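So the structure is just underneath, and the comments pick up after that.
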Amino acid sequence: MVEKKKADNVLLIEKAIFHSIVDEGLSLIDIDIRYSGNDTFVTIYVYAEKLDLVNLGKLNKKLYPLLEELSFLKDRLNLEVSSPGIFRKIKYASEFLTFKDRNIRISLEKGLTLEGKIENYENNTLSIVDKDGNIIDIKNEDIKNCHLNG
């Protein structure tokens with residue numbers, strides 16, 4: 001799996017908000033930035049076992065002032081805080097541990113598709129448990145793409 005490279009502006013946002021997210025007991029999954037005219041749309045994806053709209057709204061209010069401090073967002077910011085969704089495309093290897101015990105669908109470079117529950121990720125190897133209880137180890141470089149599967 002080729003990991004998505006984080007843009008400089010994403011790294012600046014991540015640095016500004018990371019501790020606030022962790023303090024809330026959440027994991028930072030991803031940050032998307034889109035530009036339209038004079039507006040900048042920032043979507044921050046966070047994860048926790050139990051995440052609801054009330055928590056997302058509170059986090060939005062907590063993060064907004066932190067992001068307004070960043071010069072490239074001043075007077076242009078439109079912020080959305082969201083869950084990653086039940087069919088999220090995995091972009092970063094670190095997500096395998098965040099989503100441990102979640103169902104996943106993996107397309108391999110060789111054309112094979114696997115489904116199972118994330119068991120572990122270490123040494124660039126993903127371990128999943130298939131529906132029959134078999135543990136399958138998959139090297140990172142053999143993964144074409146993968147998604148959460150519900």
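List the trypsin sites (Lys or Arg not before Pro) within region 93-150 that DSSP assigns to loop and that have no more than 15 neighbouring Cβ atoms inside 10 Å.
Those satisfying the criteria are 100, 110, 131.
Would you calculate, for the chain, the mean residue ellipticity at 222 nm contributed by helices, counting each DSSP H stretch of 4 or more residues as -39,500 (n - 2.57) and dividing by all residues, to the nearest 500? Can you show the working numbers first?
Values: 3 runs with 37 residues, N = 150.
Counting only the DSSP helices, I get -7500 deg cm²/dmol.
Gap in Å between the Cα centre of region 84-150 and the Cα centre of region 7-47?
Centre-to-centre (Cα) distance: 24 Å.
How large is the dipole of region 27-150 about the Cα centre if only Lys and Arg carry +1 and Asp and Glu carry -1, each at its Cβ, rounded to the nearest 20 debye?
Its charge dipole is roughly 280 debye.
How tilted is helix 8-23 with respect to the longest principal axis of the chain? Cα atoms for both, answer in degrees (0 to 90, nearest 10).
Tilt of helix 8-23: around 80 degrees.
Just name one of 65, 94, 54: the one whose Cα is farthest towards the positive end of the charge dipole of region 50-106 (beta-carbon charges, Lys/Arg +1, Asp/Glu -1).
94
Using a 1.4 Å probe and ignoring any ligands, DNA or RNA, find the accessible area of residue 18 and quote it in Å² to the nearest 10.
Probe radius 1.4 Å; accessible area of residue 18 about 90 Å².
Where does the charge balance sit around residue 99 when Lys and Arg score +1, Asp and Glu -1, over other residues with C-beta under 13 Å from its C-beta?
Net of charged neighbours comes to +2.
Looking at region 50-123, which GluC sites (Glu not before Pro) are in a loop (DSSP not H, G, I, E or B) and have at most 12 other Cβ atoms within 10 Å?
On the way: sites: 68, 69, 80, 95, 109, 115, 119, 122; in loops: 69, 109.
Answer by residue number: 69, 109.
List the chymotrypsin sites (Phe, Trp or Tyr not before Pro) in region 79-115 that DSSP assigns to loop (not H, G, I, E or B) and whose Cβ has at most 14 other Cβ atoms within 10 Å. Which are they?
Values: sites: 87, 92, 96, 99; in loops: 87, 92, 99.
Answer in residue order: 87, 92.
Which one, 77, 16, 134, projects farthest toward the positive side of the charge dipole computed for the chain from Cβ point charges (K/R +1, D/E -1)?
The residue sitting most towards the positive pole is 77.
Show 142, 137 ordered by accessible area, largest first, where the area counts protein heavy atoms only and the probe is 1.4 Å.
Largest to smallest exposure gives the sequence 137, 142.
Show which aspartates and glutamates lie in cross-link reach of residue 5 when reach means a straight Cα distance below 13 angstrom and same-chain residues fewer than eight apart are skipped.
The qualifying aspartates and glutamates are 30, 32.
The values are calculated or read from the model by the stated rules, or taken from the named source; none is laboratory data. Remember, it's a predicted structure, so these values are computed and weren't measured experimentally. FYI the Cβ positions are ideal-geometry reconstructions off the backbone, even for glycines, and counts take in every protein chain you see. Surface accessibility is based on the protein's heavy atoms, side chains included, excluding ligands, DNA and RNA. Shrake-Rupley method; radii C 1.70, N 1.55, O 1.52, S 1.80 Å.
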